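Readers should treat all values here as calculations from the given coordinates under stated rules, not as data from a laboratory. Given the structure is predicted, the values throughout are model-derived calculations rather than measurements. Here the Cβ positions follow ideal geometry from the backbone for every residue, glycine too, while neighbour counts run over all protein chains shown.
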Amino acid sequence: MPRPDFPKTIVDFQRRFPDDTACRGYLFACRWPEGFRCPACQSDRAYEIPGRLVWQCARCRHQVSITAGTVLHKTRTPIHLWFWAAYLTSTGTPGISALQLQRQLGLKRYETAWFTLHKLRRAMVAPDRSPLSGVIEVDDAYIGGVDPARRSGRDAFGSATIVLTAVEIRGKGTGRIRMEAVDDLSADALCGFVQDNVLEGATVRTDAWQGFKRLARLGYDHQSTSLRAEGLVGREAAIALPHVHLVISNFKTWSRGTYRGVSDRQMQVYLDEFVYRFNRRRTPMAAFQTLLGIGSHLPPTTYEEVKAGPVFAELTG
């Protein structure tokens, strides 16, 4: 028996999840679509322990949390608010800032909204996602400010974050993407990014930057274009790698429009959010269940872990 389907409209969502009881029922159906089965003794009889989000086996008394392995693990926030946060985050095309989420859900503290969004963002990267395949464009970009004291070209962006982007080409359109913030443009960083995200044997198109030369030895069909030899400079450089430049441009527009900018230390989680949205742009409603982390068995993210990562502040609109 498959898991229950997802709400298709906001009216459907409100009808199906009016309170925590309905949300608990949905989580139970997702975790045990064929009925409860105790992981310890395989019994099919259990009862819910009220107020604890836990089911206890009637035979061996083993307890199972219906939120374990999801972003709701050990949460103190009402479940229906988590459902609303996941819905607003996954279905809204431009996304939502922490300040907007606080207003929409009537949360008393901004930090609650901020933490909720960061936990949801950490559920946006599936640990078992399949690598990109076929024909791939790969390029680097600089997100952030420009240091006028530095030299021209790649060296001019000393204060910006280096972001690597890989884009699948599907006919005249764009398939899936991957984006990652890196410390430098060394061959280790560039080729490591490709190996982590692109299937071996795929065709990889890049510019002629020397850091990409190792790709051919790593089993890729590497096709490079020298922008200088082709006379492509400035905005004309996008002609050689049009799909990846369009994705980078879309990310810059999205981050400025929704969050009014992103700090360097927070960059990766926002790149992950953009990739998640982009790769599900044709099926945004189906992303709701994925975002809750149902069935993914992700390790729980604590408040301290989130604060220890990106700076504890978010530029909001």
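I'd like to compare 9-17, 129-137, 240-248: which one has the highest average count of other Cβ atoms within 10 Å, and what's the full order after that?
Ranked from most to least packed, the peptides come out as 240-248, 129-137, 9-17.
Sum up the charges of everything whose Cβ sits under 9 Å from the Cβ of SER224, counting Lys and Arg as +1 and Asp and Glu as -1, but leave SER224 out.
Charge balance near SER224 sits at +1.
Between GLN56 and ASP188, the simple spin-label model (points 7 angstrom out along Cα→Cβ) gives 5.4 nm. Distant-in-sequence amide contacts of HIS73, defined by a placed amide H-H separation under 5 Å and a gap of 5 or more residues or a different chain, comprise nothing.
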